[in-house]
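The values are calculated or read from the model by the stated rules, or taken from the named source; none is laboratory data. The model shown is predicted, which means the values in this text are computed figures rather than measured ones. No Cβ is skipped: glycine too gets one built from the backbone with ideal geometry, and neighbour counts run over all protein chains shown.
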Amino acid sequence: MKLDKVIRKLEEALKKPLPGKMGQGTMAPKPIDARRFSLNIPENHRKGAVLMLFYQDEEGCLVPFIKRPTYEGVHSGQIAFPGGKWELTDLNLGETALREAEEEIGVDRNKVELIGRLTDLYIPASNFMVSPFIGFTHEKPEFRPDPFEVERIITFPLSDLLDQKIRKMGSVNIDSGLKLETPYFDIDQEMVWGATAMILGEFMQLWENSRE
């Protein structure tokens with residue numbers, strides 16, 4: 001799958017209404033935390049942004065994910081898109097996504113072009129409203145992971161990401177002792193669930209609903 005074709009398709013798809021919460025909900029853990037979709041988000045919520053980045057190499061069109069290190073926190077060891085919290089120096093959330101990607105995995109923000117964004121997603125566990133951005137770079141990045149933020153980088157072909165066979169069901173135990181049954185993406189033998197899977201769920205519907 002060639003990058004130029006992928007970008008053309010996404011640019012057209014992003015001109016139409018997004019799948020939104022319907023798409024996100026397809027990959028939401030069960031029981032669904034109603035706070036994710038509530039209109040009454042806490043006023044003290046924090047803002048953040050992540051970047052779904054596309055680039056081309058000999059394997060085709062790839063997307064990088066990161067694995068968070070193990071630490072005392074709700075997202076310890078999880079697979080995510082590069083991203084983080086909005087800072088006062090960021091002009092907008094798109095800039096947040098680019099800055100964080102540069103800081104976490106070494107992607108030159110000046111070589112990334114944003115083409116749009118998916119639906120914001122509230123994460124109750126960390127009180128973050130996350131804005132997912134889609135971007136691409138024509139140059140293969142020279143990844144330089146920040147060891148404090150990133151245990152490893154996973155580069156995954158878009159063609160494999162679109163394969164229904166990597167969408168599975170499993171269970172996770174969270175800090176509160178609650179056991180969740182959750183759909184997830186099996187990416188490089190990692191369980192990609194929660195907010196990242198929900199963002200991917202919307203992306204998959206966007207892709208599948210668009211015409212060639």
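Results, tabulated for the structure shown:
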| quantity | calculated |
| --- | --- |
| Looking only at the range 75-103, and only at residues there that are farther than 19 Å from Arg46 by Cα and touching a strand residue (DSSP E or B) at 6+ places or on another chain (Cβ under 8 Å), the one that is surrounded by the fewest Cβ atoms within 10 Å (Cβ to Cβ) | Gly77 |
| Total residues in the range 115-125, condition outside any loop (DSSP other than H, G, I, E, B), out of contact with any Lys or Arg (no Cβ under 6 Å at 6 or more places or on another chain) and crowded, with 17+ Cβ neighbours inside 10 Å | 3 |
| Any hit, the range 92-110, residues being closer than 17 Å to Pro64 by Cα, at pLDDT 95 or above, small (Gly, Ala, Ser) and touching a helix residue (DSSP H, G or I) at 6+ places or on another chain (Cβ under 8 Å) | yes |
| Among (1) assigned to a helix (DSSP H, G or I); (2) more than 21 Å from Gly20 (Cα to Cα), the one test that Glu87 misses | (1) |
| Residue among Phe133, Phe143 that alone is at pLDDT 95 or above, under 13 Å from the mean Cα position of the chain (by Cα) and aromatic (Phe, Trp, Tyr) | Phe133 |
| Residue satisfying condition, being closer than 25 Å to Met129 by Cα, modelled with pLDDT of 95 or more and more than 13 Å from the chain's Cα centre (by Cα), within set Leu206, Leu200, Leu178 | Leu206 |
| Some residue of the range 126-139 being of a type in the set (Phe, Trp, Tyr), surrounded by 20 or more Cβ atoms within 10 Å (Cβ to Cβ) and outside any strand (DSSP E or B) | no |
| Residue match in the range 46-64 (condition: more than 23 Å from Lys111 (Cα to Cα) and touching a residue at least 40 places away in the same chain (Cβ under 8 Å)) | yes |
| Flag if Phe37 is under 17 Å from Glu202 (Cα atoms) and crowded, with 16+ Cβ neighbours inside 10 Å | no |
| Top-ranked residue in the range 44-56 [being loosely packed, with under 15 Cβ neighbours inside 10 Å and in contact with a strand residue (DSSP E or B) (Cβ under 8 Å, 6 or more places away or on another chain); ranked as farthest from Leu98 (Cα to Cα)] | His45 |
